[in-house]
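Readers should treat all values here as calculations from the given coordinates under stated rules, not as data from a laboratory. What you see is a predicted model; the values in this text were computed from it and never measured. For neighbour counting, all protein chains shown are included, and Cβ atoms are generated from backbone atoms with ideal geometry for every residue, glycine included.
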Amino acid sequence: MQETGSGIEDRAANELTALENAGLRRNLRTLAASCGSQVEWRGHLLLNFSSNDYLGLSASDELKTAMTEAVARYGVGSGASRLVCGNHPAHEELEATLAAFKGTEAALTFSSGYATALGTIPALCGTGDILILDKLCHASLIDAAKLSGATIRVFPHNHLEKLERLLTGAREVGDAKKRVLIVTESIFSMDGDAAPLPEIVELKEKYDAWLLVDEAHAVGVLGPQGRGLIAALGLEKRVELQMGTLSKALGVSGGYLAARRSVIDLLINKARSLIYSTAPPPALAWTASESIKLVQSAVGDGLREKLMVNKQGLLALLGDKMRTDLPAAIMPIMIGDESAAMRTSAALLEAGYLIPAIRYPTVARGAARLRLTLSAAHETRQIEGLVASLLNLVPQLSRGKKNPLEKTAE
Ligand SMILES: *Cc1c(COP(=O)(O)O)cnc(C)c1O
């Protein structure tokens, strides 16, 4: 007799086999947090060069204390969505802190950066409108664009001429009331490079479009007091929608959108990922406020300085083999082939370094890479050890003058 739902198991097994055969199967790895930049995996201590915790704040003593005290005061959950009865002074305080941090009138927080994109873009654009995305935009932005029902146009990564052609096209067809929204990131999550924001701002003003910039990997790391790349360029008043996450350099969890008050009020009415989802715990919101204050303080300046010292240390040893124009903490090592990337990542793991291979569909097919990220929590000798292992184990880096034998072995 056929068991109920037995078809689903065959289907799942077949799809998993196909992924396995293509070298694309993913599995969860359970890492016990150790301290700072170290993690524990199957009884081995690994140095973590893959986290987005760029300042090491997820393990900060100040923030641990702040969160513990906030849990004692506010409890562990919020009880309901923000619009029902889950809105707490800690949420309001966080949003005021964020707005001041980002130089906007107001801000709205969500349970994650992903939820921020999914709530924001469809609330502002829909059928008949046009979204213009950089080809390398994060999945959350792409999913949000699809969900909105707007027409989607994509320009090659950071390609200003193509962007201008799409803007011209968008303004030629249809009525003047149609909204055109450009979506990009300030620092790209898998490539680590920056968008040409001043030029994009000029273009969006010329063509009367709006601009959303996702600062997930810039906030905390770049700009005065860690305010991000938009602030570093003095563009706070010219970017309509500043998006970001509390989950990376800020070390906590959640996402935000900073904008004009009227935009935020509209999102409170229309962003479905805000309306139909339980508010994040007030203790978490409280901790995020404390994190933003810490990031803006002299402590934050010190951590950013340490991060940049670590990066200079890496580049001093590998500079002729790495891109040296990446402004933030993401330093990818391009491999290409998916299986080769997996093998190299496994060899590094064996040597005690956690640097995952990033593959399709996160990046394009044949563009697999090791996504190396640096943190203020790394120590100088850890960077030196990493470089030695990279030169030994990554054929793409060991090629060249310093290792002629490796070259002939290829
Ligand atoms: C990580 C990330 C997000 C999602 O943020 P979460 O808080 O992790 O959900 C959105 N955009 C970019 C560019 C990211 O890298």
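Per-structure values
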| read-out | value |
| --- | --- |
| Stokes-Einstein D for the stretch 276-410, Kirkwood Rh over Cα pairs, 25 °C, 0.890 mPa s (µm²/s) | 144 |
| Rounded FRET efficiency, nearest 0.05, which uses the C-beta distance separating Ile152 from Arg365 and R0 of 25 Å | 0.75 |
| Full-extension gain in nm, Glu350 to Ala13, via 0.36 nm per residue minus C-alpha separation | 118.4 nm |
| Under Karplus coefficients 6.51, -1.76 and 1.60, residue-wise ³J(HN,Hα) of the stretch 105-121 in Hz, glycine/proline x | 5, 8, 8, 9, 9, 10, 6, 7, x, 4, 5, 5, 4, 5, x, 6, 4 |
| Built amide H within the under 5 Å cut-off of Glu240, gap 5+ | Leu211 |
| Cα-Cα over 22 Å, subset of Lys64/Lys311; Lys206/Lys237; Lys204/Lys270 | Lys64/Lys311; Lys204/Lys270 |
| Proportion of all alpha-carbon pairs of the stretch 47-172 beyond 18 Å (%) | 71 |
| Centroid-to-centroid separation of the stretch 139-162 and the stretch 280-324 [C-alpha atoms, Å] | 29 |
| Whole-number percent relative contact order across the stretch 127-241, with pairs defined as alpha carbons under 8 Å at least 6 apart | 23 |
| Cα-projected label distance for Ala59 with Glu199, points at 7 Å along beta-carbon direction, nm | 4.0 |
| Under the Karplus curve 6.51 cos²θ - 1.76 cosθ + 1.60, θ = phi - 60°, whole-Hz ³J(HN,Hα) for the stretch 351-356, x wherever Gly or Pro sits | 7, x, 10, 9, 9, x |
| Sum of -39500 (n - 2.57) over DSSP H runs of 4+, divided by residues of the chain (222 nm, nearest 500) | -13500 deg cm²/dmol |
| Equivalent-ellipsoid semi-axes of the stretch 14-103, from the Cα gyration tensor, Å, largest first | 35, 22, 15 |
| Mean shadow area of the chain, taken as a quarter of the surface of its Cα convex hull (nm²) | 24.2 |
| Placed amide H near Phe155: partners under 5 Å, 5+ positions off or other chain | Leu133, Asp134, Lys135 |
| Pairwise label distance in nanometres, Gln225 with Ser6, each label 7 Å out on the Cα-Cβ vector | 6.5 |
| Whether the stretch 232-304 is rounded, prolate or oblate, judged on the alpha carbon gyration tensor where a/c under 1.5 counts as rounded | oblate |
| Cα-based helix-to-principal-axis angle, 6-21 vs the chain, degrees rounded to 10 | 50 |
| Arg343 paired with Ala139, simple spin-label distance in nm, labels 7 Å along Cα-to-beta-carbon | 2.6 |
